[in-house]
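Here's the structure, in structure tokens; my notes come after.
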Amino acid sequence: MGTTPVIRLGTFVPAQGEIVQIQESGQPGVRLVNNISGDNLRHFQVGKGEAVIPATDAANNVATVVWQVDADHSTLSATILMR
């Protein structure tokens, strides 16, 4: 049985099953805006082009997801599932 990959959003490591909300902003970097307890949701703002989530396994293999932001800059949400 393999190990669970580590998923990162900037320096933050979302937990298995955690829901994150990612919103693009004009400020560079990744910032945690707030924790919304009760429904296990964390809201992040990321700089333009920085909505990137890499996953690294124990053998240092890396897979990356790059979020695409709509023209109206709508907020994207994703459930992170690790298997």
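Filtered by the rule that a residue be in contact (Cβ under 8 Å) with a residue 40 or more places away in the chain and farther than 12 Å from L9 by Cβ, the stretch 24-60 gives E24, T56, D57, A58. Screening the stretch 26-41 for residues that are at pLDDT below 85 and surrounded by 14 or more Cβ atoms within 10 Å (Cβ to Cβ) and picking the one that is nearest to V66 (Cα to Cα) gives L41.
Listed here are the residues, each with its yes/no results for (1) assigned to a loop (DSSP other than H, G, I, E, B); (2) within 21 Å of V62 (Cβ to Cβ); (3) charged (D, E, K, R).
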residue	(1), (2), (3)
V20	no, yes, no
P28	yes, no, no
R31	no, no, yes
N34	no, no, no
F44	no, yes, no
E50	yes, yes, yes
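The values are calculated or read from the model by the stated rules, or taken from the named source; none is laboratory data. Here the structure is a predicted model, which is why all the values come from computation and not from measurement. Neighbour counts are summed over all protein chains in view; Cβ atoms, including those assigned to glycine, are modelled from backbone coordinates with ideal geometry.
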